[in-house]
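The values are calculated or read from the model by the stated rules, or taken from the named source; none is laboratory data. What you see is a predicted model; the values in this text were computed from it and never measured. Note that we place each Cβ from the backbone using ideal geometry, even for glycine, and neighbour counts take in every protein chain shown.
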């Protein structure tokens, strides 16, 4: 079974969907990852922003895919500029998403929550990736499940292992450290660690409510 994951930035799937991906791979399913941007402005240091950081973050995403065991041909970058997805919410952009969905023809699609009011991670890039995916599904009269992650209206829960053989979040050094390229002086980025702890905390609450050890929650959309 082909499963397609959409994300706005190179670390999103490792933060929000990692356990789900591990579980699908363990069952023999084929995973595709499509990133709208390379996250090239995701640093407080202007010197690293732009193509330089984009190259680094693409390498990190591809290394995470290698850790998962995902074929590199299944890791796709659409080339939108980080922070510009909202402005690129056009028919041409929607057709790019449509092309990949039609070509891959997955049985299940995962994407960031499209509705701002329903999301606890209100980043416009995330929101508009979700909007374009949903719009394509509507255009195609999609009959397969669409699952939104980081949603406050979760209604579908994937039971996953809390401890993983390899945590692919650790691959994204450009996000974990304030000086990511000076490996002798790694200074943790408090905001990134805080946001990751927040996601873990939200998932722990859902797991407790459902009586499971650990889950990853999604909002399932049926068309």
Take residue 153 and tell me if it is in contact with a strand residue (DSSP E or B) (Cβ under 9 Å, 6 or more places away or on another chain), assigned to a loop (DSSP other than H, G, I, E, B) and modelled with pLDDT under 90. no
Residue 78 is checked against (1) within 18 Å of the chain's Cα centre (by Cα); (2) surrounded by fewer than 17 Cβ atoms within 10 Å (Cβ to Cβ); (3) under 27 Å from residue 216 (Cβ atoms) and fails just one. What number does that condition carry? (2)
Give the stretch 81-114 a look and list any residue that's surrounded by fewer than 16 Cβ atoms within 10 Å (Cβ to Cβ) and free of Cβ contacts under 8 Å to residues at least 60 places away in the same chain, or say none. 84, 86, 87, 90, 91, 92, 95, 99, 102, 103
State yes or no: is residue 25 outside any strand (DSSP E or B), touching a residue at least 40 places away in the same chain (Cβ under 8 Å) and farther than 17 Å from residue 170 by Cα? yes
State yes or no: is residue 191 touching a strand residue (DSSP E or B) at 6+ places or on another chain (Cβ under 8 Å), at pLDDT below 90 and loosely packed, with under 12 Cβ neighbours inside 10 Å? no
Within the stretch 166-173, identify whether any single residue is buried (at least 20 other Cβ atoms within 10 Å of the Cβ), more than 30 Å from residue 210 (Cα to Cα) and modelled with pLDDT under 95, and answer yes or no. yes
When residues of the stretch 51-72 are limited to those that are over 19 Å from residue 166 (Cβ atoms) and exposed (fewer than 15 other Cβ atoms within 10 Å of the Cβ), the one nearest to the chain's Cα centre (by Cα): 55
